[in-house]
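The values are calculated or read from the model by the stated rules, or taken from the named source; none is laboratory data. Since we're looking at a predicted model, the values are computed, not measured. Please note: Cβ atoms are built from the backbone with ideal geometry, for glycine as well, and neighbour counts cover all protein chains shown. Calculation scope for accessible area: heavy atoms of the full protein, side chains included, ligands and nucleic acids excluded. Shrake-Rupley method; radii C 1.70, N 1.55, O 1.52, S 1.80 Å.
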Amino acid sequence: MKLKSARTSPLLFIIVFFFGFLFAQAQTLYALKIDRNIRFEAIDITAEYQPRLVMGTKQALEFQNTVAKHIVKRESITNNPDISYREKEYLLKKISSHESSEMADVLYSYQWHEYLRIKPDIQPLIHQKRNLDDSFVENKTTN
């Protein structure tokens, strides 16, 4: 019995090490794509949330990093001409949902509920912006 567990533990170690390496590679990829402009945008977004969420320094930095990672994902979708508008809308909603889920690990429960409440005002989805622009154009042409 002891001999069998001795054989499986190196295999288990290799499997865990391999998946850990893949996870680290994926995190590094997003970290490399976060340029200065994205970092500044994440700082601005974090500053908009700060008065309502009252985050500590470490918490605000984690919040900012999470926002920056999702900005990279959003930009990769919005800048891809091969994706239709409907697909972009779906993928952006999905990314926004993932961002909200990850914020549950960064924020305290009461902060997270407030974050979910104010997020549509601070970080609206693309279709909300488009509908606003369309209604403005329609209103302007009818007058």
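Filter the range 56-112 down to the residues that are of a type in the set (D, E) and part of a helix (DSSP H, G or I) and list them by number.
Listed by number, the residues that qualify are E62, E75, E87, E89, E99, E102, D105.
K88 - would you say it is at pLDDT 90 or above and open to solvent by 70 Å² or more (accessible area, probe 1.4 Å)?
no
What tally of residues in the range 44-55 results from selecting those that are surrounded by 15 or more Cβ atoms within 10 Å (Cβ to Cβ) and part of a helix (DSSP H, G or I)?
The total comes to 4.
Look through the range 53-79, keep the residues that are within 14 Å of the chain's Cα centre (by Cα) and small (G, A, S), and return whichever of them is nearest to L116 (Cα to Cα).
Looking at residues that are within 14 Å of the chain's Cα centre (by Cα) and small (G, A, S), I get A68.
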